[in-house]
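Take a look at the structure set out below.
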Amino acid sequence: MKCMFCGCEDSKVIDSRSADEGKTIRRRRECVSCGKRFTTYETIEETPVLVVKASGNRQAYDALKVKNGIIKACEKRPVSMSKIDELVDSITKQIYNSMEQEVSTKVIGEMVMDGLKKLDEVAYVRYASVYRSFTDIQTFMKELQTLMETKK
């Protein structure tokens with residue numbers, strides 16, 4: 001690490017500690033040449049994942065959008081925020097662990113529905129009704145029957 005005061009490339013680490021809830025390492029360094037101290041931060045370099053929408057448009061993956069959709073589906077249901085956060089974290093990990101640079105909204109929607117099915121069946125049906133664009137009572141009933149059959 002180059003010293004910001006004298007440009008020397010040699011420095012020694014005096015102190016290292018975790019920062020930003022363990023996502024960053026803060027290092028206190030001392031220049032070997034001039035003796036001045038400075039701080040550096042080390043973070044994980046994340047490869048951005050692009051979400052491919054049905055229209056073909058692409059945008060960066062945003063876990064907050066997934067979380068907001070789940071919150072709407074769980075509105076007035078006995079589902080805690082910690083459970084919602086766990087589900088969002090699980091989906092985000094699955095997306096990044098796939099090592100794909102692009103993921104479709106369809107794949108993300110299916111992940112959300114799988115998680116909601118285990119978390120709260122009413123929230124699952126709410127999400128599915130929007131995600132699958134139920135247009136009439138028959139498609140809604142078909143989804144409910146599928147849910148009831150898998151529960152048996």
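The values are calculated or read from the model by the stated rules, or taken from the named source; none is laboratory data. Just so it is clear, the structure is predicted and the values come from calculations on it, not from any experiment. Glycine gets a Cβ as well: all are built from the backbone with ideal geometry, and neighbour counts include every protein chain shown. SASA here: full protein model, heavy atoms, side chains in, ligands and nucleic acids out. Shrake-Rupley method; radii C 1.70, N 1.55, O 1.52, S 1.80 Å.
Which residues, taken from the stretch 96-149, are polar (S, T, N, Q) and in contact (Cβ under 8 Å) with a residue 12 or more places away in the chain?
Taking the stretch 96-149 and keeping what is polar (S, T, N, Q), we get 97-98, 101, 104-105, 129, 133, 135, 138-139, 145-146.
Across the stretch 96-149, the qualifying residues are Gln101, Ser104, Thr105, Ser129.
Considering (1) open to solvent by less than 80 Å² (accessible area, probe 1.4 Å); (2) part of a helix (DSSP H, G or I); (3) closer than 27 Å to Lys151 by Cα, the lone condition that Tyr96 does not fulfil carries the number (3).
Check the stretch 104-123 and report whether any residue there is open to solvent by 90 Å² or more (accessible area, probe 1.4 Å) and modelled with pLDDT under 90. Taking every residue of the stretch 104-123 in turn, none turns out to be open to solvent by 90 Å² or more (accessible area, probe 1.4 Å) and modelled with pLDDT under 90. What are the residues in the stretch 43-93 that are farther than 23 Å from Lys106 by Cβ, open to solvent by 70 Å² or more (accessible area, probe 1.4 Å) and in a helix (DSSP H, G or I), if any? Answer for the stretch 43-93, where residues must be farther than 23 Å from Lys106 by Cβ, open to solvent by 70 Å² or more (accessible area, probe 1.4 Å) and in a helix (DSSP H, G or I): Met81, Lys83.
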